[in-house]
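First comes the structure, then the notes that go with it.
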Amino acid sequence: MPTPFENALLNLQLFELRREPVLREARDWFVREFTPETFEELLAAVSGERNAAFRMVLGYWDTAASLVTTGAVDRDAFLAAHGEIFLAFAKIQPFLEQIRAASGEPDFCRHMEAVVMAAPDAEAVLARRREAARAAARGRAAETTAPVALQPVGTVRSLYTETNQVPKGLGAEHEAEGILDIRPDLEEGLADIDGFSHLYVVWVFHRAAGAELTAHPPSDDRPHGVFATRSPQRPNPIGLTVVRLLGRDRHQLRVKGIDMLDGTPILDIKPCLSSVPPEELRRGWLEDVERRRQGR
């Protein structure tokens, strides 16, 4: 059996492979655009220039899963670190036998299948992921209004390079410092910002994989609606963070309270102001979690 250190090392190496530009682009297409509802739609989607992306994504996940089936990586550690495999497999699961028959590859994605289907409530998880992806695709196809075009105003410079480095859960403290690197051509818009102690930062979960309407936050063992959480798997992957402004150097703002990854696109910055009295604020389901943890 692999040691905890060996597990961590192999999982980190798998993360690094996913950052390779060609694979990242293929994964983005697979997650956002590849949502077949019939085998015919699947064939149409992968019979052209996207065939390479289709095979690259599934080849990556099947190879990664083979590390579990051969005992090189602990199953629980792998699934905790690579939840995207459920979404990838959910998209092909209904057509798996047809794909194997049509391709003449009876072992197509066998390792991936073995790892995913051995997880608790695998069928329910896959159905939920699949329907969320299809619903998002149908929503995009049915959209009749003009698309909202947003351009980043800057980039976050952070010590965090992977999501598992960011403190999460109830009581998590965000003390990390970083830089909000605003585009030089927008520097004029930062005039007078120095007078504010805290800022709202609106940003993009640029590594989010798909969307789910039910979220499972790390601070609770019960599911919640995605709009009642800070989950990155949202219909519009937008994040909001409050940071303390420490200083400004031209178009760069030095701040404290970073919980974003290095390279995160910034959509907007606003002064943090509130007219809501503290005694009127409610913390929703988080208050229930706190009471349960205190044994009330």
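Miscellaneous remarks
- Gly169 assigned to a loop (DSSP other than H, G, I, E, B), under 28 Å from Ser219 (Cβ atoms) and out of contact with any Leu (no Cβ under 6 Å at 6 or more places or on another chain): yes
- Whichever residue in the stretch 222-259 is closer than 17 Å to Arg128 by Cβ and in contact with a strand residue (DSSP E or B) (Cβ under 6 Å, 6 or more places away or on another chain) and, among such residues, is surrounded by the fewest Cβ atoms within 10 Å (Cβ to Cβ): Pro223
- For the stretch 86-99, a residue qualifies if it is surrounded by 21 or more Cβ atoms within 10 Å (Cβ to Cβ) and aliphatic (A, V, I, L, M), and the qualifying residues are Leu87, Ala88, Ala90, Ile92.
- Residue-level check: of (1) among the hydrophobic types (A, V, I, L, M, F, W, C); (2) surrounded by 15 or more Cβ atoms within 10 Å (Cβ to Cβ); (3) under 20 Å from the mean Cα position of the chain (by Cα); (4) at pLDDT below 95, Ala45 misses just (3).
- Residues in the stretch 272-296 that are assigned to a helix (DSSP H, G or I) and of a type outside the set (Val, Ile, Thr): Pro278, Glu279, Glu280, Trp285, Leu286, Glu287, Asp288, Glu290, Arg291, Arg292, Arg293.
- Of all residues in the stretch 165-176, none satisfies being surrounded by 14 or more Cβ atoms within 10 Å (Cβ to Cβ), among the aliphatic types (A, V, I, L, M), in contact with a Ser or Thr (Cβ under 6 Å, 6 or more places away or on another chain) and modelled with pLDDT of 90 or more.
- Candidates are the residues of the stretch 190-221 that are aliphatic (A, V, I, L, M) and part of a strand (DSSP E or B); the one that is surrounded by the most Cβ atoms within 10 Å (Cβ to Cβ) is Val201.
- Hits in the stretch 227-271 (condition: outside any loop (DSSP other than H, G, I, E, B) and under 13 Å from the mean Cα position of the chain (by Cα)): Ile238, Gly239
- Cross-chain or 6+ apart pairs with Cβ under 6 Å, the stretch 15-42 first and without any contact (Cβ under 8 Å) to a residue 60 or more places away in the chain and hydrophobic (A, V, I, L, M, F, W, C), then in a loop (DSSP other than H, G, I, E, B) and buried (at least 16 other Cβ atoms within 10 Å of the Cβ): Leu42/Pro36
- When we screen Leu58, Leu79 for residues that are at pLDDT 95 or above and either of a type in the set (Gly, Ala, Ser) or under 22 Å from the mean Cα position of the chain (by Cα) (or both), the only hit is Leu58.
The values are calculated or read from the model by the stated rules, or taken from the named source; none is laboratory data. The structure presented is a predicted model; accordingly, all values stated were derived computationally and were not measured. All Cβ positions, glycine included, derive from the backbone under ideal geometry; neighbour counts span all protein chains shown.
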